[in-house]
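As structure tokens, the structure follows; a few thoughts come after it.
We did not get these values from a lab; they are worked out from the coordinates using the rules stated. For clarity, every value in this text was computed on a predicted model and none was experimentally measured. Neighbour counts run over all protein chains shown; Cβ positions are idealised from the backbone, glycine included.
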Amino acid sequence: MHEHIVRSFDQELQQLDKKIAQMGGLAERLLARGFDALERRDPKLAEAAVASDRSIDLLERDLQEQTILMIARRQPMANDLRHIMTVLKIAGDLERIGDLAKNIAKRALAVSGENHPKSLMTGLKHMTELAMGQLKDVLDAYAERDADKALVVWRQDERIDAMFNSLFRELLTYMMEDPRNIGLCTHLLFGAKNIERIGDHTTNIAENVHYLVHGTALADDRPKSDDTSSTLIRKE
């Protein structure tokens, strides 16, 4: 970051980055707690996770108000304007990640009395761990202005999609084998979809980090391998 003649402007830009780091940290913790609640079938942990999403929402609102004032007062141009607009976009993605993590916690409330097949929870856990790792890496990439690290995250989104495809088919199989599994598996399926969408928002952040550093959008098509919309399960 270059220094401005008005030092307070540099401080305001640094505040934006600090709030993005705070939002990111809260989103990471909410995702971890949401999955823990689902895995343990713990209603109290789920309720605490749901309540914590409010802190992310408040930070996003704070960022929006601060950026509006900065644009009005400073009339930023070039790199400064790109920085501010990137912060707004990343804050929006982090807010959505918080909402999706909160939805995972809500699934824990719905299935608190159910027994989870271990293999299904193992698949969900692997998806969650991968999503959390990518979120951490992309937040580090933003803090370090490291476009190459962001690009690695961007390219890894296919891994979450592949896990989701596999889990989707497994859940459908459980539902077809025994109709009593339909309720539980439906909630787990929505939980898995929430994680897959978190991966998408993380990819959005990676694209914005690349844009912030280089001033150009990624030219390649986004890597996607979610084929569940065309999946057809045949019972033998």
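In which sequence would T216, T173, T86 go, from the one with the fewest C-beta neighbours within 10 Å to the one with the most?
Least crowded to most crowded, the residues run T216, T173, T86.
If you rank K193, K118 by fewest surrounding Cβ atoms within 10 Å, what's the result?
Lowest to highest Cβ neighbour count: K118, K193.
Which distance in Å, rounded to a whole number, links the C-alpha centroids of the range 64-102 and the range 137-184?
Answer, in whole Å: 26.
Hey, what does the equivalent ellipsoid look like for the range 1-141, semi-axes from the Cα gyration tensor as sqrt of 5 times each eigenvalue, largest first, whole Å? Intermediate values should be presented prior to the final figure.
Numbers: eigenvalues 273, 42, 18 Å².
Working from the Cα gyration tensor, I get semi-axes of 37, 15, 10 Å.
Sort the range 157-203 into rounded, prolate or oblate with this rule: let a ≥ b ≥ c be the square roots of the eigenvalues of the Cα gyration tensor; rounded if a/c is under 1.5, and if a/c is not under 1.5, prolate when a/b is larger than b/c, oblate otherwise.
Oblate.
Please give the calculated 222 nm ellipticity per residue for the chain, where each DSSP H segment of at least 4 residues contributes -39500 (n - 2.57) and the sum is spread over every residue; nearest 500 deg cm²/dmol?
-28500 deg cm²/dmol
When L189, L31 are ordered from fewest to most other Cβ atoms inside 10 Å of their Cβ, what list results?
Fewest to most other Cβ atoms nearby, the residues stand as L189, L31.
From the cross-link list K89/K118; K44/K89; K18/K118; K44/K149; K18/K102, which pairs have alpha carbons spaced over 30 Å apart?
Result: K89/K118; K44/K89; K18/K118; K44/K149 exceed 30 Å.
Would you kindly state how much longer the chain becomes between E65 and H214 on full extension, computed as 0.36 nm times their sequence separation minus their alpha carbon distance, in nm to one decimal?
The span from E65 to H214 would gain 51.0 nm if fully extended.
Of N181, G215, A141, which is farthest on the positive side of the dipole of the range 7-230, counting Cα position, with +1 on Lys and Arg Cβ, -1 on Asp and Glu Cβ, and the Cα centre as origin?
Selected residue: N181.
For a Förster distance of 35 Å, can you work out the FRET efficiency between the beta-carbons of I182 and A51, rounded to the nearest 0.05?
The formula returns an efficiency of 0.75 here.
So what are the ³J(HN,Hα) numbers for the range 24-34, from phi and the Karplus equation (6.51, -1.76, 1.60; θ = phi - 60°), rounded to whole Hz, Gly and Pro as x?
x, x, 5, 5, 4, 5, 5, 4, 4, 5, x
Placing unit charges on C-beta atoms (Lys and Arg positive, Asp and Glu negative, everything else neutral), compute the dipole magnitude of the chain about its Cα centre in debye, rounded to 20.
Approximately 520 debye in magnitude.
L88 to F190: extension gain in nm, 0.36 nm per residue of separation minus the Cα-Cα distance?
In short, 33.9 nm is gained.
What does the convex hull of the alpha-carbon atoms of the chain project to on average, in nm²?
Computing the convex hull of the Cα atoms and averaging its projections yields 13.5 nm².
For the chain, modelled as a GNM with alpha-carbon contacts under 10 angstrom, which of E12, E196, E47 fluctuates the most?
Among E12, E196, E47, the largest mean-square fluctuation in the Gaussian network model of the chain belongs to E12.
List, in order, the whole-Hz ³J(HN,Hα) value for each residue of the range 178-192 obtained from phi through the Karplus relation with A = 6.51, B = -1.76, C = 1.60 and θ = phi - 60°; use x for Gly and Pro.
Coupling constants for the range 178-192: 8, x, 5, 7, 4, x, 4, 5, 5, 5, 5, 5, 5, x, 5 Hz.
In the range 1-71, what is the volume of the convex hull around the alpha carbon atoms, normalised per residue and reported in Å³?
For the range 1-71, the hull spanned by Cα atoms encloses 72 Å³ per residue.
Find out how many positive minus negative residues lie around A72, taking Lys and Arg as positive, Asp and Glu as negative, among other residues whose Cβ is under 15 Å from that of A72.
-1
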